[in-house]
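This report refers to the structure that appears directly beneath it.
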Amino acid sequence: LEDPPGLYEKVEYLLSEWVRHFHQPGLLRDGDKIYAAYVARLQQQGILKNDDLIQRFFRISMEMCVELCYRTLNDPVNGGMSRPKCYHTMDAFVKLVVVLVRYSGESSNTLAKVNLLNKVLLTVTQVLLADHEKRQVEFHQLPYHRFFIMILNDLCSPDPVFDAINFPVLQCFCTAYHMVRPSKAPGFAYTWLELISHRVFVSKLLLQTPQQKGWPLFHQLLIDVFKFLSPFLRNAELVKPTQTLYKGTLRVLLVLLHDFPEFLCDYHFSFCDVIPPNCIQMRNLILSAFPRNMRLPDPFTPNLKVELLPDIQNAPRILPAYIQLIIPDLKKNLDNYIKTRAPVTFLQELRGHLQISSEPGKQYNSSLINALVLYVGTQAIAFIHSKSGTPSPTTIAHTAHMDIFQHLVVDLDTEGRYLFLNAIANQLRYPNSHTHFFSCALLSLFAETNHEAIQEQITRVLLERLIVNRPHPWGLLITFIDLIKNPTYNFWKHDFVHCAPEIERLFESVAKSCM
Amino acid sequence: MVQDHYGMVGLLTFIRGAETDPNLVALALGSDLTTLGLHLNSPESLYSTFSSPFADSPSRPQDIDYPVPQEYLIHSYIRDKLAPIRLSKYNEDLLFYLYYTSGGDLLQLLAAHELYTRDWRYHKEEKIWITRAPNMRPTKVETTYEEGTYCYFDLGTWRKAHRDMKVEYDRLAERPSIPPA
Amino acid sequence: SLGQDKVYQLRMLESAYKHMPEPSDSEKVRPYLQRTPYPTPPYHPQH
């Protein structure tokens, strides 16, 4: 809808007045007085009369600040001063927003403040998206970058008013960031990654918000960047811009691995669901996370008895709930088969549930495969524990759960089998009940099969995860070490181990470092 | 053997391809993550000094904004009274501080230039600033080197100390060239 | 192959790559001692 006549000029005048106030020396000393007088002025001018006018005020103000930044950046006369000039305007506008949020409603009315902030952030995202759509390759991220960073800093500074609404403030930011995620505004992608990984944002969300309430919000933002990168990474041909964003994402993951490994532990399943299978190092990075209070036994310890480690009794947390990924009908039949091993036709029909097309490379619903594998595995662990047992190649053999795995590994074609084996290998992490079970399951599949092709693919899935640069998940190492050292598996007798000099050298080199 | 992408032959083809195409390496074989500019073995948190996903070093202390009491923010009152920066007026302690905390910045070069003017020389191999010890001539002076007792600035203890050294002249950095502006 | 929307996204990413965010974009204005990035010789400590 059209802006009311005269509103644009009124906003322009008021905004210019504010920018002058902001940069005058007396602001520090007389801040409260100046703010109160300005808010009264806005009220007097009718700007704060209703939600519609407030929103228009912010939208027009933001558009003006953005326009000014574009003019400044594009003016060759400014040279090296163009960025500071942009900061000059944007910082003033940010301060105006912060003042209005602070003075919105009574001091105890947190809802009014959060609502106003939400309105402002959503308005700014709409301005961004419209600008991005209009200017296309001429879009410049600077004004929006400056806005989001400065307002975040101000709202997260120690302050009794903002401390009381800290979590709702973070929620507003997460909502806004999600709206301008890279797939919606790819021209903003680099800044977006910088915003979500800013030290203030990360520490507030992952560390300072109690009961880990910030974790699901940050999880969503990481999923956003993985989903954006995924199609480009899948092609394995990285142009410099994509490589830069990918490398930036790796840095963010390294910070999380170092400072918040429990976060990566909890959400590993959903991250691996969206990371393409060929991004092995990125996936390994996530899978190698382990709780900070845990001491990992050296996987190269001779005669390491994994089944005796106390940690393998403990089940890891898997977030968010993945069982919803399994279609209810399939789950019902799956539960029935696990309980009764009937009907036999269930196994024959299973592949049909997983296959969604006949196009090579896209035949299968990999999310469903991942969820199915994890669900069957967790059911198997619960079953074995109920029999007071510990998962081992002996105890897991001949269970309904392994029936399902063994059937799938034979029935699926090479593409499906690769995805299926990846789903198992994605559970080889730090010492816990899932790592132990899935390690036994994978080795059992290797030992029990008559098909060398299956053994070859199991080896391929493990080897490709080992030949990348570090880090390597603990569970991956102990599984591979067992595979090459344990005479049960007769590993070195297989032809595929010696199929080419490079492969042979690879195995020898990996085995050397393992032995 | 499995003949398509999903077996050992597929992996081998990929490995061979990766020998000539760095793009293929980046994803699957990966890179050395210790070269991304993060101190991965640091006992301190990384997020607190994380500069940017696109920076290859952590933030310098002076770049990390921190909320301070409003009373400390006096710049707008005194900005017209502040003297311009003149390195020639500062003592060596401050020069060393500016040098070591301004890596990759013009200020580092200016501090190095001023230290050079005060007869300090940067030893490129030892990575220390040295100067002849006061009142102590070198014990040996040749065309390409000299020997004696030298004063050096110890970054670890943040003070000057002495040591006997043989100083090869070609290991010393030249006077830094400052851009004209 | 990439779909049309992905081709568009890549094009936008490539144009954004030409003006990446700078460190000062995320920092408060420091009028007295601003950043002045300069390629110092590599033997001087860079970080």
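Could you say whether any residue in region A:97-118 is within 14 Å of chain C (Cβ to nearest Cβ), outside any loop (DSSP other than H, G, I, E, B) and not basic (K, R)? Spell out how you get there, then give the answer.
Step one: filter region A:97-118 for residues within 14 Å of chain C (Cβ to nearest Cβ), giving A:98.
Filter again for outside any loop (DSSP other than H, G, I, E, B), leaving A:98.
Filter again for not basic (K, R), leaving A:98.
Taking every residue of region A:97-118 in turn, at least one turns out to be within 14 Å of chain C (Cβ to nearest Cβ), outside any loop (DSSP other than H, G, I, E, B) and not basic (K, R).
Take residues that are under 24 Å from C:K6 (Cβ atoms) and more than 14 Å from chain C (Cβ to nearest Cβ) and tell me which of the helices (runs of 4 or more DSSP H) falling wholly in region A:171-238 contain 1 or more.
A:215-234
Restricting to region C:1-29, name every residue that is out of contact with any Asp or Glu (no Cβ under 9 Å at 6 or more places or on another chain), at pLDDT below 95 and not in a helix (DSSP H, G or I).
Scanning region C:1-29 gives C:S1, C:L2, C:G3, C:H19, C:E22.
Of the residues A:R341, A:R251, A:R283, A:R292, which single one is surrounded by fewer than 18 Cβ atoms within 10 Å (Cβ to Cβ) and under 26 Å from B:L46 (Cβ atoms)?
Going through A:R341, A:R251, A:R283, A:R292 in turn, the sole match is A:R292.
Only one of (1) closer than 19 Å to C:P45 by Cα; (2) among the hydroxyl-bearing types (S, T, Y); (3) surrounded by 17 or more Cβ atoms within 10 Å (Cβ to Cβ) is not met by B:T101, so which one is it?
So B:T101 meets the others, but not (3).
Any residue in region A:286-311 that's under 24 Å from A:I384 (Cβ atoms): show its pairings with residues that are charged (D, E, K, R) at Cβ separation under 8 Å, as long as the two are six or more apart or on different chains.
A:L287/A:R429; A:F290/A:R429; A:P291/A:E262; A:M294/A:D311; A:L304/A:D298
Return the residues of region A:176-209 that are hydroxyl-bearing (S, T, Y) and closer than 19 Å to A:P143 by Cα; say none if nothing qualifies.
A:Y177, A:Y190, A:T191, A:S197
Does region C:2-9 contain any residue that is more than 7 Å from chain A (Cβ to nearest Cβ), closer than 23 Å to B:G37 by Cα and among the acidic types (D, E)?
Looking through region C:2-9, none of the residues is more than 7 Å from chain A (Cβ to nearest Cβ), closer than 23 Å to B:G37 by Cα and among the acidic types (D, E).
Considering only residues that are crowded, with 17+ Cβ neighbours inside 10 Å and at the interface with chain A (Cβ under 7 Å from one of its Cβ atoms), which ones fall in region B:41-59?
Those that are crowded, with 17+ Cβ neighbours inside 10 Å and at the interface with chain A (Cβ under 7 Å from one of its Cβ atoms): B:L46, B:Y47, B:F50, B:S52, B:P53, B:F54.
What number goes with the only condition from (1) within 13 Å of chain B (Cβ to nearest Cβ); (2) over 28 Å from A:R295 (Cα atoms) that A:W492 does not pass?
Condition not satisfied by A:W492: (1).
Can you confirm whether A:V127 is of a type outside the set (S, T, N, Q), farther than 18 Å from A:T191 by Cβ and either in contact (Cβ under 8 Å) with a residue 60 or more places away in the chain or touching a helix residue (DSSP H, G or I) at 6+ places or on another chain (Cβ under 6 Å) (or both)? It would help to see each step written out before you state the result.
On the way: of a type outside the set (S, T, N, Q): yes; farther than 18 Å from A:T191 by Cβ: no; either in contact (Cβ under 8 Å) with a residue 60 or more places away in the chain or touching a helix residue (DSSP H, G or I) at 6+ places or on another chain (Cβ under 6 Å) (or both): yes.
No, not satisfied.
Can you list the strands (runs of 3 or more DSSP E) lying wholly within region B:52-158 that have 1 or more residues being without any contact (Cβ under 8 Å) to a residue 24 or more places away in the chain? Outline the logic, then answer.
Working: elements: B:121-123, B:128-132, B:145-154.
Because the criterion is at least 1 residues that are without any contact (Cβ under 8 Å) to a residue 24 or more places away in the chain, the strands (runs of 3 or more DSSP E) in region B:52-158 that meet it are B:128-132, B:145-154.
What residue, of B:L87, B:L38, B:L95, is modelled with pLDDT of 90 or more, within 20 Å of the chain's Cα centre (by Cα) and either loosely packed, with under 15 Cβ neighbours inside 10 Å or at the interface with another protein chain (Cβ under 7 Å from one of its Cβ atoms) (or both)?
Criteria check complete, one pass: B:L38.
Take B:A26 and tell me if it is in a helix (DSSP H, G or I), under 23 Å from A:H258 (Cα atoms) and either within 8 Å of another protein chain (Cβ to nearest Cβ) or of a type outside the set (A, V, I, L, M, F, W, C) (or both).
Working: in a helix (DSSP H, G or I): yes; under 23 Å from A:H258 (Cα atoms): yes; either within 8 Å of another protein chain (Cβ to nearest Cβ) or of a type outside the set (A, V, I, L, M, F, W, C) (or both): yes.
Yes; evaluated as a whole, the condition is true for this residue.
The values are calculated or read from the model by the stated rules, or taken from the named source; none is laboratory data. Since we're looking at a predicted model, the values are computed, not measured. FYI the Cβ positions are ideal-geometry reconstructions off the backbone, even for glycines, and counts take in every protein chain you see.
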